[in-house]
Amino acid sequence: RQHEAPRRVKRAWVIPPISVSENHKRIPHLLVQIKSDKQQPGGVIYSIKGPGVDEEPLGIFSIDKFSGKVFLNAMLDREENDRYRLRAFALDLGGVTLEDPTDLEIIVVDQNDNRPLFRQEVFTGRVVEGAEPGTCVMTVDATDADDPDTDNAALRYSILEQGAAGMFSINATTGEICTARPGLDRETMGVYNLTVQAADMSGDGLTTTAVAVIYLEDINDNPPEFTKEEFSMEVEEQAAGVDVGKVFVHDKDLAGSPGWLAKFTILEGDPEGAFAIRTDPHTNDGVLSVVKPLDHEVRDRFELTVSVQNERPLEPSVPASPRALATVRVRVRDVNEAPVFRQNPRRISVLEGTPPGTPITTYTASDPDTHQIQTLTYALLYDPADWLQMDPHAGTVRTKRELLHPSAFLQGGWYIALVLARDDAEPPLSATGTLSIEILEVNDHAPQLQPPAGVLCGRPGRGGTLLLGATDDDRPPHGAPFHFQLSPQHPQLARNWSIARFNVTHAVLAVLAEMPEGPYSLPLLLRDSGTPPREQQQLLNVSVCHCGRDGTCLDGALAAATAGAGITLGALMIILGSTILLLVLAGLGAARVRGRRRALRKGLLQRSRDDMRDNILNYDEQGGGEEDQDAYDINQLRHPELFTPRAKPPLRRDAPLSSGTPMPPRKLPSSPSDIEDFINEGLEAADSDPSVPPYDTALIYDYEGSGSVASPLSSIVSSLTDEDQDYDYLSEWGPRFRRLADLYG
């Protein structure tokens with residue numbers, strides 16, 4: 001496609017930009033006349049289009065269509081629209097375009113019709129007190145809606161008002177506010193209010209104002225000071241952990257700031273450290289308190305020297321000054337104090353067995369109130385055994401009853417009592433003291449021989465010894481070791497007997513020559529190790545038995561006595577009584593069995609038709625009793641020919657697993673005329689069955705060895721006479737009572 005050559009536009013149809021001032025009040029105002037070079041018969045029709053004509057805002061511009069004059073119909077505002085671009089058209093009467101459309105630009109000329117505006121009404125800034133001149137604090141800025149390329153928007157800043165000091169200055173072009181001179185002191189003036197101005201036309205035009213508020217930040221440039229040089233306070237004695245009073249200070253620095261907080265120190269007047277001082281975080285005052293109880297009788301007043309300073313050091317630029325000092329006078333007020341036991345607990349020692357009424361100690365308290373005349377009284381507050389009595393005025397403690405040992409009221413040999421001391425003030429006060437009494441052991445008991453009897457073999461050497469022991473009711477060191485010896489009053493005993501020490505509580509009695517069997521009474525002398533030692537002569541009953549090869553007693557009675565030699569006399573009597581009762585019951589049982597056998601022989605057949613019971617019950621089953629339905633019919637014993645024997649012999653339930661198969665049951669007699677004989681035969685078969693022992697068979701246990709510290713149980717029967725007892729019937733009870741028959745038959 002070939003490019004068309006640019007068409008030449010006639011100069012009359014080219015319209016240069018048209019300038020018009022904003023806020024033009026002579027309306028309508030001719031702006032320009034446009035004209036086409038192509039005049040047609042009948043004339044040319046002109047028109048314009050664009051913003052202000054047929055686009056928003058409408059009606060601002062218009063054109064005379066025949067003459068081509070363009071008019072301004074309304075005032076213009078450059079701040080709303082600084083220029084308008086329109087299009088002009090030329091047409092003939094038939095509506096045919098005579099000229100190409102041309103541009104019509106209308107420029108709105110600015111006028112100084114807008115004041116400057118600050119971005120905010122109040123500007124805020126901060127600067128530390130004492131800042132050097134030239135320290136910038138903040139920047140204020142304003143805007144102007146006028147044309148920025150003209151002086152209408154050229155702004156200049158100034159400070160209209162800031163007080164007489166003139167501490168700040170402002171940059172006229174940038175609006176930056178800085179310190180102008182030294183001497184900013186928050187304690188003198190903490191806030192500065194500046195009135196700043198912005199003016200256009202380089203400061204000669206329209207103006208506006210705003211407020212700049214400058215706060216001075218505090219630094220620690222003022223030390224704290226006491227409000228007065230002396231303070232007086234009062235506190236009760238014996239009070240601890242309480243506040244006495246306050247010392248007041250003043251600090252010009254900002255309250256609550258780190259440079260305002262005070263720190264107090266007690267420099268003099270409190271060598272014992274009875275006082276402490278702390279800072280009240282809300283008021284910054286010093287609070288004096290007592291940390292140790294004070295005693296009016298020891299010291300009734302204190303004079304303290306207290307200093308104060310800030311927790312943070314002063315700024316280096318601040319001149320150094322000495323710490324502030326104040327004198328605090330504290331008076332200790334006297335109050336009633338409780339009595340005091342200077343020795344608490346009080347420990348004393350008393351011999352056991354001290355008789356009643358014996359003074360053992362004087363336990364008194366002292367009254368700290370030396371400036372008050374008071375009387376103390378005493379009483380026993382705790383005396384669990386009721387052993388003591390106390391003088392209420394002198395505080396003398398006496399025994400009320402004999403002090404015994406041992407006692408459930410003693411703890412490790414000590415008896416604890418509490419003593420109450422009370423003054424007569426109003427109200428009265430009391431104190432408690434602990435009285436610890438050690439009950440000293442007295443050697444008032446001789447050792448006792450334990451056991452007092454024994455059995456030994458009468459042959460010297462193996463088996464011819466007996467171990468002797470002793471006990472003592474006294475506590476160490478008045479007890480063991482014990483000394484055993486034959487009575488010096490019977491020197492002939494040393495021919496056949498000897499005693500050798502075994503340990504601290506036992507000795508060994510030995511025979512020196514062959515001794516015949518029988519009882520012997522040996523007088524022994526036993527002595528303890530107390531101070532002074534106590535001794536006592538006692539009899540030792542010794543039974544000499546028949547000796548076996550291994551040195552043990554062969555006699556059954558003496559062997560039984562040996563088992564009981566180590567028991568007490570009371571236990572021996574209990575065993576003896578139980579044995580006699582057992583023998584009596586055994587005799588009664590044997591007599592009853594005899595009577596039943598005789599009655600069974602005489603009347604069993606005669607009363608066979610009139611049996612008291614119809615069945616023999618099978619108690620070998622779970623249940624049993626009168627109502628057992630699985631019982632055996634006794635007619636089977638009377639008429640065995642009517643019944644068929646079982647195919648297999650019944651197994652005995654008491655047979656051990658290792659036993660063999662039991663023997664088959666016996667064949668019933670053809671004529672059961674004597675059922676007693678039948679039953680006796682069955683009993684004999686059961687007794688002679690080698691496979692299983694019956695339940696009532698005497699069991700034989702393993703031999704557990706010989707030789708015992710205790711005496712044999714045979715001493716039980718050695719001290720009894722059985723001439724009045726008849727035990728011959730024991731031999732009639734069968735082989736199971738054969739051993740008992742040998743002992744007593």
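The values are calculated or read from the model by the stated rules, or taken from the named source; none is laboratory data. The structure presented is a predicted model; accordingly, all values stated were derived computationally and were not measured. Cβ: placed from backbone, ideal geometry, glycine included. Neighbour counts: every protein chain shown. What goes into the accessible areas is simple: the full protein's heavy atoms, side chains included, and nothing from ligands, DNA or RNA. Shrake-Rupley method; radii C 1.70, N 1.55, O 1.52, S 1.80 Å.
Got a sec? What order do 675, 416 fall in by accessible area at 1.4 Å, biggest, i.e. largest, first?
416, 675
Any idea how far apart residue 143 and residue 329 come out in nm if each label point goes 7 Å out from Cα toward Cβ?
Reported label-point gap for residue 143 and residue 329 is 7.3 nm.
Given the whole protein assembly as supplied and a 1.4 Å probe, what does the accessible area of residue 483 come to in Å², nearest 10?
Per-residue accessible area (residue 483): approximately 80 Å².
If you put +1 on each Lys and Arg Cβ and -1 on each Asp and Glu Cβ, how big is the dipole of the range 277-384 around its Cα centre, in Debye rounded to 20?
Around 260 debye, computed over the range 277-384.
Net charge within 11 Å of residue 296 by Cβ-Cβ distance, Lys/Arg positive one each and Asp/Glu negative one each, not counting residue 296 itself?
It works out to a net charge of -4.
Excluding ligands and nucleic acids, what accessible area in Å² is computed for residue 194 using a 1.4 Å probe, to the nearest 10?
Counting only protein heavy atoms, the figure is 0 Å².
Amide H to amide H under 5 Å from residue 180: which residues, 5+ apart in sequence or cross-chain, H placed 1.01 Å off N in plane?
Residues meeting the criterion, in which the H sits 1.01 Å from N, are 134, 168, 169.
Using the beta-carbon distance between residue 381 and residue 292 and R0 = 30 Å, what value does 1/(1 + (r/R0)^6) give for FRET efficiency, to the nearest 0.05?
That gives a FRET efficiency of 0.55.
Which length gain, in nm to one decimal place, applies between residue 35 and residue 317 when the Cα-Cα distance is subtracted from 0.36 nm times their residue separation?
Taking residue 35 through residue 317 to full extension adds about 93.1 nm, to one decimal.
Tell me which of 153, 209, 179 sits at the most positive position along the dipole axis of the range 117-217, charges placed on C-beta atoms (Lys, Arg +1; Asp, Glu -1).
179
Using a 1.4 angstrom probe with every protein chain in place, what is the largest-first accessible-area order of 467, 440, 581?
Ranked from most to least accessible, the order is 581, 440, 467.
Which number do you get for Rg(Cα) / (2.2 N^0.38 Å) in the range 165-239?
With N residues counted in the range 165-239, Rg over 2.2 N^0.38 Å equals 2.09.
Could you list which residues have their amide H under 5 Å from that of residue 285, counting only those 5 or more apart in sequence or on another chain, with H placed in the peptide plane?
Those lying under 5 Å, H to H, from residue 285 are 280.
Determine the dipole magnitude for the range 132-203: charges of +1 sit on the beta-carbon of Lys and Arg, -1 on that of Asp and Glu, nothing else is charged, the reference point is the Cα centre, and the result goes in debye to the nearest 20.
440
Could you report the range 87-240's accessible area per residue, 1.4 Å probe, as an integer in Å²?
51
Out of all Cα-Cα pairs in the range 117-217, roughly what percent, to the nearest whole number, are more than 19 Å apart?
Roughly 40 percent, rounded to a whole number.
Calculate one ³J(HN,Hα) per residue across the range 64-81 by plugging θ = phi - 60° into the Karplus curve 6.51 cos²θ - 1.76 cosθ + 1.60, and present them in order as whole Hz with x for glycine and proline.
Values per residue, Gly and Pro as x: 7, 5, 9, 9, x, 7, 9, 10, 9, 9, 8, 5, 9, 10, 5, 5, 8, 8 Hz.
For the range 367-418, what % of the accessible area comes from carbon and sulfur atoms, probe 1.4 Å?
Result for the range 367-418: 55 percent of the exposed heavy-atom area is carbon or sulfur.
Taking every pair of distinct Cα atoms and averaging 1/r, then inverting, what Kirkwood hydrodynamic radius in Å comes out for the range 16-144?
By the Kirkwood definition, the hydrodynamic radius is 18.3 Å.
Once you list every other residue whose beta carbon is under 11 Å from the beta carbon of residue 333, what net charge do they have if Lys and Arg are +1 and Asp and Glu are -1?
Local charge sum for residue 333: -3.
With a probe of 1.4 Å, find how much accessible area the range 448-545 has per residue, and write the answer as a whole number in Å².
That works out to 51 Å² per residue.
What are the radius of gyration and Dmax of the range 325-393, computed over its Cα atoms and given in Å?
Gyration radius and largest Cα-Cα distance of the range 325-393: 19.1, 70 Å.
Given a Förster distance of 60 angstrom, what is the FRET efficiency for residue 180 paired with residue 373, based on the Cβ-Cβ distance and rounded to 0.05?
Efficiency computed from Cβ-Cβ geometry: 0.15.
Ignoring ligands, DNA and RNA, what percent of the 1.4 Å accessible area of the range 448-545 is carbon and sulfur?
Reported share for carbon and sulfur atoms: 54 percent.
For residue 26 and residue 213, what does the FRET efficiency come to when R0 = 56 Å and r is the distance between their Cβ atoms, rounded to the nearest 0.05?
After rounding to 0.05, the efficiency reads 0.70.
With contacts defined as alpha carbon pairs under 8 Å and 6 or more residues apart, what's the relative contact order of the range 18-109 in percent?
Contact order relative to length: 36 percent.
Using the Kirkwood formula over every pair of different C-alpha atoms, what hydrodynamic radius in Å results for the range 448-545?
This gives a value of 13.7 Å.
Could you report the range 340-440's accessible area per residue, 1.4 Å probe, as an integer in Å²?
That works out to 53 Å² per residue.
Could you please report the charge total around residue 470, scoring K, R as +1 and D, E as -1 over all other residues with beta-carbon less than 14 angstrom from its beta-carbon?
Neighbourhood net charge equals -2.
How big is the C-alpha Rg of the range 425-473 next to the rule-of-thumb value 2.2 N^0.38 Å, as a ratio?
Working it through for the range 425-473, the quotient is 2.81.
Using a 1.4 Å probe over the heavy atoms of the protein chains, calculate the carbon and sulfur portion of the accessible area of the range 41-171 as a whole percent.
Carbon-and-sulfur percentage of accessible area, whole number: 48.
What Kirkwood hydrodynamic radius, in Å, does the range 215-323 give when the mean of 1/r is taken over all pairs of distinct Cα atoms and then inverted?
With all distinct Cα pairs of the range 215-323 included, I get 15.2 Å.
With the dipole of the range 225-333 worked out from charges on the C-beta (+1 for Lys and Arg, -1 for Asp and Glu) around the Cα centre, which of 288, 275, 248 lies farthest toward the positive end?
So the residue we want is 248.
Stokes-Einstein at 25 °C, 0.890 mPa s, Kirkwood radius from Cα pairs: D for the range 340-440 in µm² s⁻¹?
For the chosen part, D equals 174 µm²/s.
Going through the range 84-158, which GluC sites (Glu not before Pro) have at most 14 other Cβ atoms within 10 Å and a DSSP loop state?
Loop-located and lightly packed - 121.
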